[in-house]
Amino acid sequence: MKNIIRAGSLLFIAFSASFLTSCDKDDDTNPFEGLTYQQEDQMGRPAINTVFVATADKDDFNETTPSAMSGKYATKFQNQLMALNAGYTTNALGMDAATFSGALATDVLNVATSGTTTFFDGINVLTGRTLADDVISTELLLIFGGPDGSANPNLTDDNVDANDKAFSNTFPYLASPH
Amino acid sequence: MYPFNLHHLMKKPILIAAVILLFGGAFAIFYSQRPIADPADYAAFMTPNHLENAKEKLQERTLFWENKLQAAPANFVYQSKLAGLYASWFKLTGDVQQLHRSDSLLCLVHEQMPNQVGTLQSMAANAITRHAFAEAEGYMRQALALGENRFASSLMLTDVLMERGNFGDADRLMRDMASRTHFDYLIREMKMLDQEGDLPSAIKNMEKALALARSAGSEELLNWSLSNLADMYGHDGRIRKSYNTYLEALRYNPADLHSLKGIAWVAFSQDKNTAEAQRILGFLQKIHPVPDYDLLLAEIAEFEGKDSESASLRQSFTQKASNPAYGNMYKSYLCELKATDVGQSTEALAIAQQEIKERPHPMSYSLLAWASLQNGEKAAAKEILEKYVVNRTEEPNALYRAGIILLRNGERESAKEYLESALEASYELGPVATAEIRQELSKL
């Protein structure tokens with residue numbers, strides 16, 4: 001009678017990719033020797049990559065240098081924009097579909113080095129972003145709101161006007177998990 | 001007068017050398033025969049507190065998301081988070097119902113939002129845990145076709161393909177991957193090398209992965225890497241190194257029951273210290289109620305010549321492991337037990353045939369051949385062996401079974417070769433199998 005249990009036979013389970021993005025030691029200044037680093041993800045404006053990039057393009061988009069994004073993805077973004085809002089003409093920024101798509105496809109967060117920092121405060125547009133900025137509503141307004149922001153009123157507001165817990169005054173300024 | 005006698009001086013080094021050799025030799029013999037597992041080394045880990053602490057931490061996270069889900073019962077983000085946590089509960093406590101809870105939640109998420117790569121990967125991970133490899137392959141092929149996060153999907157599909165004996169496709173997938181120095185890639189390459197029987201290279205790969213884990217400083221990764229490496233040193237017969245590596249693994253995760261089980265195996269297979277092995281396993285069984293420990297305890301009882309105790313432990317294992325909630329998880333062990341139990345070999349054959357459908361790995365065919373032999377079909381056993389097992393796996397258990405099957409078919413020369421190869425992995429096979437192999441070999 002033999003009941004052989006290999007001590008290690010049950011441990012070789014599939015390893016999730018959760019370690020791909022782990023960075024436990026941000027003070028590690030000496031990258032491991034012989035290691036090749038590879039770009040795996042990037043995000044500029046909230047939700048834009050999520051909504052405008054097709055699943056099959058995700059890996060490629062995440063590896064594309066921002067300066068090449070517009071050239072490579074503007075057309076696809078425009079198709080997606082027109083699929084979302086077939087009646088799109090221009091938006092509150094006066095951008096037509098091609099201009100707006102080209103701007104969106106360069107998925108970076110612009111920051112003005114002087115003046116007010118905001119995603120959109122009624123006057124300043126995309127000079128950065130603060131935690132309390134209603135970014136999703138701003139994006140919805142630009143996609144669905146038409147030239148004066150009054151079109152498709154049911155689609156231009158996510159109806160979430162504030163975080164459900166106050167932000168902190170100290171770094172990292174986010175609310176604690178709740 | 002010379003201040004010293006030259007002749008005397010010439011003789012002295014020889015004498016010193018002789019003394020060193022003598023003591024060194026005695027020490028080497030003493031050292032090699034000295035038991036490896038020393039309870040003082042791991043006493044700190046033989047307490048339920050570590051597992052309790054781990055449970056508390058997991059409970060905190062679980063409650064956090066459960067409260068969220070209660071407030072918004074249809075939220076798929078909360079459902080996905082909880083699915084992952086319930087799967088962790090299963091891994092921590094062995095409570096298989098938690099795995100099914102995890103699956104149910106993932107099904108809900110999948111129904112609401114089909115074609116999500118992350119959900120498919122989680123579903124595949126659970127299916128792999130349930131040893132439902134055909135199901136897992138379906139999810140991973142779907143995820144890979146969708147295209148997002150291709151690297152992780154390719155790695156998981158590689159896992160499944162290897163389990164399903166499809167080494168060609170697994171190899172092709174590996175060749176297509178770009179990140180060849182990535183931890184997750186290295187451990188797959190290690191598995192492939194191990195499968196090919198190149199244990200030294202597999203160990204080198206695992207050591208490279210460990211170095212990455214050290215550089216990342218993640219305790220979870222370090223524990224996982226060390227625990228695996230300890231297993232591999234054991235397979236390589238480097239038992240002291242294996243033992244020390246388990247101890248190091250435990251320092252990074254004191255609730256690492258796998259490493260404690262590894263130490264129990266050192267105490268049993270190497271030291272023949274059955275009492276100590278039983279003490280560790282008894283402790284594990286108390287805090288972690290899974291069927292596995294009964295099987296190991298049965299083997300120890302058999303080694304001690306306590307046949308009726310061994311039989312009742314086997315029965316206890318069979319009863320627990322046959323719980324339908326476990327699905328396929330224990331099928332190969334059940335098959336192996338039933339193959340040699342009187343009156344159950346037909347059932348063993350049926351299980352082996354099922355197992356082939358789910359997991360057409362050379363090891364499953366080895367089991368099918370074994371069950372066929374025990375069922376009196378020695379020619380069929382040899383045919384399966386030659387067609388699906390020989391040169392496809394170097395697992396010691398497969399070599400052992402191959403030896404016996406060939407022997408029963410009258411092929412004494414090749415039988416001897418296989419049994420001798422199996423004997424090289426005597427530590428891994430354990431004292432009971434080793435004694436059986438020695439006995440068979442003595443007749444050849």
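The numbers here are math on the coordinates, done by the rules we state, and not lab data. Please read these numbers as outputs of a predicted model, since none were measured by experiment. Every residue, glycine as well, gets a Cβ built from its backbone with ideal geometry; the counts of neighbours run over all protein chains shown.
Side notes on the structure shown:
- CD proxy at 222 nm, helix term only [per DSSP H run n ≥ 4: -39500 (n - 2.57); per residue of chain B; nearest 500]: -24500 deg cm²/dmol
- When A:V125, B:V390 are arranged by Cβ crowding within 10 Å, least crowded first, meaning fewest neighbours, the order is A:V125, B:V390.
- Positive contributions from Lys and Arg (+1) and negative ones from Asp and Glu (-1), summed over other residues with Cβ under 12 Å from the Cβ of A:F120, come out at -2.
- Column: log10 I(q)/I(0), Debye, Cα scatterers of the protein assembly as shown, q = 0.06, 0.07, 0.08, 0.10 Å⁻¹: -0.44, -0.57, -0.71, -1.00
- Other residues with beta-carbon under 11 Å from the beta-carbon of B:N223 carry, at +1 per Lys or Arg and -1 per Asp or Glu, a net charge of -3.
- Local net charge near B:R101, Cβ-Cβ under 14 Å (Lys/Arg +1, Asp/Glu -1): 0
- Degrees, to the nearest 10: B:133-146 long Cα axis against longest axis of chain B: 70 degrees
- Cα-based shape type of the stretch B:29-126, given that a ≥ b ≥ c are square roots of the gyration tensor eigenvalues and the cut on a/c is 1.5: prolate
- Point-to-point label distance, B:N391-A:H178, nm (Cα→Cβ direction, 7 Å offset): 6.7 nm
- Tensor-based shape of the stretch A:39-155 (alpha-carbon gyration tensor, a/c under 1.5 rounded, otherwise prolate or oblate): oblate
- Of the residues B:M113, B:M363, B:M46, the one with the fewest other Cβ atoms within 10 Å heads the list, and the complete ranking is B:M113, B:M46, B:M363.
- Chain B: angle of helix B:49-71 to the longest principal axis, Cα-based, in degrees nearest 10: 10 degrees
- Here each label is just a point 7 Å from Cα along the line to Cβ, and for B:Q112 and A:E40 those points are 2.6 nm apart.
- Shielding of peptide B:151-161 by partners, expressed as the average count of other chain Cβ atoms within 10 Å per residue Cβ, is 3.
- Top of B:L99, B:L146, B:L193 by mean-square fluctuation, Gaussian network on chain B, Cα under 10 Å: B:L146
- Cα long-axis angle, helix B:412-424 against chain B (0 to 90 degrees, to the nearest 10): 90 degrees
- Of B:R130, B:R180, the sequence from fewest to most neighbouring Cβ atoms within 10 angstrom is B:R180, B:R130.
- Computed over the alpha carbons of the stretch B:330-444, Rg followed by Dmax gives 13.0, 38 Å.
- Gaussian network model of chain B, springs between alpha carbon atoms under 10 Å - residue of B:A87, B:A275, B:A301 with greatest fluctuation: B:A275
- B:E424-B:E377 FRET efficiency (beta carbon distance; Förster radius 22 Å; 0.05 resolution): 0.15
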